[in-house]
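This report concerns only the one structure given below.
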Amino acid sequence: MTVGERLRSFFLPKPGSPRWMLIPPLLILLVVIVGMVGGGTYVWDYTNSPQFCGTTCHTMPPQNAAYLASPHANVYCTECHIGRGFFGQTFARKSEDVREIVDMTFNLYQFPIRASRTRPARETCEKCHQPEAFANDSL
């Protein structure tokens with residue numbers, strides 16, 4: 001009996017097999033799904049963190065040092081560079097950065113590194129810095 005046949009018979013018991021034979025494959029699938037969801041959640045959270053952005057992913061020590069010393073040090077990089085939104089929208093924006101991962105992996109980027117897909121101020125900065133709060137109506 002080959003490995004494939006053994007796996008098939010384990011996950012798909014023959015008709016008429018005792019019901020308890022369904023429990024081990026279902027438990028294994030449940031553990032795998034829980035592990036993937038838990039691991040995916042951890043990876044998602046970590047890739048949103050300043051530690052990932054400033055030290056793991058990007059090679060930008062001067063920018064990271066300036067960020068850590070700035071008033072924005074308590075704001076995750078993704079708040080401005082990706083923005084807030086429902087998961088699907090955030091995932092779509094974040095998946096666009098795969099190109100940057102390829103560039104970093106294969107050393108395809110050029111200095112100075114330019115942010116070619118920056119988001120407009122109304123979409124990022126003004127979520128926290130509302131211009132109407134600073135406007136002087138007496139002028």
Query raised in the report: So for the pair residue 99, residue 76, with labels modelled 7 Å out along Cα→Cβ, what separation do we get in nm?
Result: 2.4 nm
Requested in this report: Note down the nm distance, to one decimal, between modelled labels 7 Å out along Cα→Cβ at residue 91 and at residue 32.
Outcome: 2.0 nm
Requested in this report: Summarise the long-distance tail of P(r) for segment 21-64 by giving the % of C-alpha pairs beyond 13 Å.
Outcome: 64 percent
**Report entry** For residue 2, solvent-accessible area (1.4 Å; no DNA, RNA or ligand), Å²
**Finding:** 80 Å²
**Report entry** Computed E for residue 45/residue 11 - FRET, C-beta separation, R0 25 angstrom, nearest 0.05
**Finding:** 0.20
Report task. Can you send over the solvent-accessible area of residue 86, 1.4 Å probe, protein chains only, in Å² to the nearest 10? Result -> 140 Å²
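List the GluC sites (Glu not before Pro) within segment 10-116 that fall in a DSSP loop (any state other than H, G, I, E or B) and whose Cβ has at most 13 other Cβ atoms within 10 Å. Write down the numbers at each step before the final one.
On the way: sites: 79, 96, 100; in loops: 96.
Here the sparse-neighbourhood loop sites are 96.
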Query raised in the report: If ligands, DNA and RNA are left out, what is the accessible area of residue 128 with a 1.4 Å probe, given in Å² to the nearest 10?
Result: 90 Å²
Query - 81, 72, reordered so the largest accessible area comes first (probe 1.4 Å) - result: 81, 72
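The values are calculated or read from the model by the stated rules, or taken from the named source; none is laboratory data. Keep in mind that this is a model prediction, so the values were computed, not measured. Reconstructed Cβ throughout: ideal geometry from the backbone, glycine too, with neighbour counts over all protein chains shown. Note: areas computed on protein heavy atoms with side chains; ligands, DNA, RNA excluded. Shrake-Rupley method; radii C 1.70, N 1.55, O 1.52, S 1.80 Å.
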